[in-house]
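J.: Have a look at this one.
The values are calculated or read from the model by the stated rules, or taken from the named source; none is laboratory data. Everything numeric here is computed off the predicted structure, so don't read it as measured data. Note that each Cβ is placed from the backbone with ideal geometry, even for glycine, and that neighbours are counted across all protein chains shown. In case anyone asks, the SASA skips ligands and DNA or RNA and just uses the protein heavy atoms, side chains included. Shrake-Rupley method; radii C 1.70, N 1.55, O 1.52, S 1.80 Å.
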Amino acid sequence: MTTSTIEHVLPPALERAGEILTDEALAFVAELHRRFASRREELLGAREDNRRAAAASGTLDFLPETKQIRESEWTVAPAPPALQDRRVEMTGPATPAKMAINALNSGAQVWLADLEDASSPTWHNQVDGILNLRDAARGTLSFTSPEGKEYSLRQDAPLAVVVARPRGWHLPEHNVTVDGKPASGSLVDFGLHFFHTARQLLANGHGPYYYLPKMESHLEARLWNDVFTFAEEHLGIEHGTIRATVLIETIPAAFQMDEILWELRDHASGLNAGRWDYLFSIIKYFRDAGEEFVLADRSTITMTAPLMRAYTELLVKTCHRRGAFAMGGMAAFIPNRREPEVTEAAFAKVRADKTREAEDGFDGSWVAHPDLVATCREVFDAVLGEKPNQVDRLREDVQVTPEQLLDVPSAGAVRTQKELALNLYVAIRYTAVWLSGNGAVAIHNLMEDAATAEISRSQVWQQIRNGVVYEDTGATATRELVAEELERQKEVLRGEVDAQSFEKHFEPAARLIADLVLGEEYVDFLTLPAYDLIEGR
């Protein structure tokens, strides 16, 4: 059998990196690449062909070749006991250890341990995150702050069940090369985490559970399923032990929910409604398909817009028909004790949002701060009662058409220069902090991740492309106007941070955002050129 050659570097200032980057673990990662990397590259290559076809026609449809899968009766494998109740899921990066401990201790049923959008993919962060997850599985995770404050895993109540999110198929890992080529970030993250935690998690009564991001087709889900099957065989673990929840956060995936669950049916746990990434995907997919696909200001788009109702109700119906969990979206609010009125209003919005999800049939939802766990639980308790979930609620009343999923005008038509300024501010600020090594960024009392920056910069590019006229000023979105606004926001940020941080992180972030929003060609992911900056490429 041909073997693959794998090389890696040790992340600086991480003394225990060698505990994760062992010869045996790296050999497993190399074998994953030998078997699956070429299929990954083929599927990534197909994405742009599919997008161009959709943009040219101005539409998408359910796949005719998979009609039998959609119309036949089948279900995914029953959920293991540890994943039966997912009414509150805490989200956040797996590093630093303090945040990991707080998430595990939060009282949520599940912790989405994020190695993707809420994490800046420095090599230190990726390896440290997996080290923290391994220590958590062993029950040894702890942290002492420079001030001497100790953090440890609670003993008085259950810890959150870990569901790890590896990076999407599109992201590379330049610190690991296989046969001379940059490794797949997804295979590195999954491979290292699975190798080091699977058996321990099973011994704990849990298992290796994953959230899978950014997929655009059921064929990409099939690839993940084949990766899981091989990994289980390799470690001598029973088939179907791995469980995956797929984030439906791209518009083509919304048309293939049944098929995605079918491909993963022995390993599937559910689907999740990823809001900002979903809207980002609509812009990206139909960016050159005409004015009817120009989104309203993102701050005005609510989950009650017909476009979003169609997406979320179809997700609930699809999941429950197939015996899978439907997971709601993010409550990104961060409580602020210095602004009690703002906090109170935000709590009311979170409660209303979670109430809508629970009443629509979702089995649980996401929060970004421990203080929101109780609110989310209270809402779902009121609907679920003693039941762990509401998978038995089939939502047979829901009928969704392709036209409803693509009804972009139903999300509103307000586009303002005020929002342009906000989009540029958020995109630069988030990217700057991301470049400094932190992927979960607090902006205006919201915990933001990469999805916010992606939709912000994409809206600006789309508005320039279509010559949007802003309602509040009457000005037209041109490169010149946007360049001027970008300079204004850069100066606002200069006044908010120290000179060293501005020069080191905010200046390059502003240059990158300028390139992305003013360039003729649309760049598919902000995180790709930003990652090159991190790596000094």
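J.: Averaging sequence separations of C-alpha pairs under 8 Å and six or more residues apart, then dividing by the length of segment 126-217, give the relative contact order as a whole percent.
T.: This gives 30 percent for segment 126-217.
J.: Restricting to DSSP loop positions (anything but H, G, I, E, B) with no more than 11 other Cβ atoms inside 10 Å of their own Cβ, which GluC sites (Glu not before Pro) remain in segment 228-304?
T.: Filter output for segment 228-304: Glu238.
J.: What order, most packed first, do the peptides 160-172, 448-460 have when packing is the mean number of other Cβ atoms within 10 Å of each residue?
T.: The most tightly packed comes first, giving 448-460, 160-172.
J.: OK, next. Round to a whole angstrom and tell me the spacing of the C-alpha centers of segment 227-248 and segment 422-440.
T.: Distance between centres, Cα-based: 34 Å.
J.: Along its three principal axes, how long is segment 134-223 when you only count alpha carbons? Whole Å, largest extent first please.
T.: 44, 31, 22
J.: Another one. So what is the 222 nm mean residue ellipticity for the chain from helices alone, if each DSSP H run of at least 4 adds -39500 (n - 2.57) and you divide by all residues, rounding to the nearest 500 deg cm²/dmol?
T.: Helix contribution divided over all residues of the chain: -15000 deg cm²/dmol.
J.: Using the heavy atoms of the protein chains alone and a 1.4 angstrom probe, what is the accessible area of segment 434-537 per residue in square angstrom?
T.: Here the residues of segment 434-537 average 45 Å² of exposed surface.
J.: Ranked from the most accessible area to the least, with a 1.4 Å probe and all protein chains present, what is the order of Ile282, Ile334?
T.: Ile334, Ile282
J.: In addition: Return the equivalent ellipsoid semi-axes of segment 274-314 as a descending list in whole Å, where each equals the square root of 5 times an eigenvalue of the C-alpha gyration tensor.
T.: In descending order, the three semi-axes are 17, 11, 10 Å.
J.: What's the carbon and sulfur percent of segment 17-403's accessible surface, probe 1.4 angstrom, rounded to a whole number?
T.: Carbon plus sulfur share of accessible area: 50 percent.
J.: What percent antiparallel are the DSSP beta bridges of segment 1-156, to the nearest 5?
T.: 40
J.: From the square roots a ≥ b ≥ c of the eigenvalues of the alpha-carbon gyration tensor of segment 310-438, which class results: rounded (a/c under 1.5), prolate (a/b over b/c), or oblate?
T.: oblate
J.: Further, regarding this structure: What percent antiparallel are the DSSP beta bridges of segment 17-403, to the nearest 5?
T.: 20
J.: Using a 10 Å cut-off on Cβ atoms, rank the peptides 491-497, 335-341, 200-206 from the highest mean neighbour count down.
T.: Listed from highest to lowest mean packing, they are 200-206, 491-497, 335-341.
J.: Just name one of Leu446, Thr375, Val482: the one whose Cα is farthest towards the positive end of the charge dipole of the chain (beta-carbon charges, Lys/Arg +1, Asp/Glu -1).
T.: Of the options given, the answer is Thr375.
J.: OK, next. Note the full-extension length gain between Ala374 and Thr59 as 0.36 nm times their separation in residues minus their Cα-Cα distance, in nm to one decimal.
T.: My answer for the length gained is 109.3 nm.
J.: Sticking with this one: Can you list residues whose amide H is under 5 Å from Glu448's amide H, if they're 5+ apart or on another chain and H is modeled 1.01 Å from N?
T.: Val441, Ala442, Ile443
J.: Restricting things to Cα coordinates, could you compute the convex hull volume per residue of segment 415-535 in Å³?
T.: Here the figure is 97 Å³ per residue.
J.: If you find the alpha carbon centre of segment 327-404 and of segment 473-537, how far apart are they in angstrom?
T.: If you average the Cα positions of each part, the centres end up 34 Å apart.
J.: Please provide three numbers in whole Å: the alpha-carbon extents of segment 73-174 along the principal axes, with the largest listed first.
T.: So the extents along the principal axes, rounded to whole Å, are 58, 42, 20.
J.: Report the trypsin sites (Lys or Arg not before Pro) located in segment 1-88 that are in a DSSP loop and have at most 12 other Cβ atoms inside 10 Å of their Cβ, or state none.
T.: Arg16
J.: At 25 °C and a viscosity of 0.890 mPa s, what translational diffusion coefficient does Stokes-Einstein give for segment 8-146, taking Rh as the Kirkwood radius over Cα pairs? Give it in µm²/s as a whole number.
T.: Here the translational diffusion coefficient equals 128 µm²/s.
J.: When N counts the residues of the chain, how does its alpha-carbon radius of gyration compare numerically with 2.2 N^0.38 Å, as a ratio?
T.: 0.93
J.: Let me ask something else. For the pair Leu219 and Thr355, what calculated FRET efficiency results from E = 1/(1 + (r/R0)^6), where r is the Cβ-Cβ distance and R0 = 30 Å, to the nearest 0.05?
T.: 0.25
J.: Determine, from the Cβ-Cβ distance of Leu518 and Val342 and an R0 of 25 Å, the FRET efficiency 1/(1 + (r/R0)^6), rounded to the nearest 0.05.
T.: Efficiency for this residue pair is about 0.15.
J.: Report, to the nearest whole %, how much of the accessible area of segment 415-535 belongs to carbon and sulfur atoms, 1.4 Å probe, protein only.
T.: Reported share for carbon and sulfur atoms: 49 percent.
J.: Then there's this: Which of the residue pairs Lys214/Lys284; Lys214/Lys354; Lys354/Lys418; Lys349/Lys387; Lys418/Lys504 have a Cα-Cα distance greater than 19 Å in the structure shown?
T.: From Lys214/Lys284; Lys214/Lys354; Lys354/Lys418; Lys349/Lys387; Lys418/Lys504, over 19 Å: Lys214/Lys354; Lys354/Lys418; Lys349/Lys387; Lys418/Lys504.
J.: A follow-up question, please. Any idea what the dipole of the chain comes to, in debye rounded to 20, about its Cα centre with Lys/Arg Cβ at +1 and Asp/Glu Cβ at -1?
T.: 560
J.: Using the Kirkwood radius built from alpha carbon pairs, what does the Stokes-Einstein equation give as D for segment 308-351 at 37 °C and 0.692 mPa s, in µm² per second?
T.: 260
J.: Moving on. Please find the FRET efficiency linking Arg52 to Gln155, where r is the Cβ-Cβ separation and R0 is fixed at 56 Å, and quote it to the nearest 0.05.
T.: It comes to 0.50.
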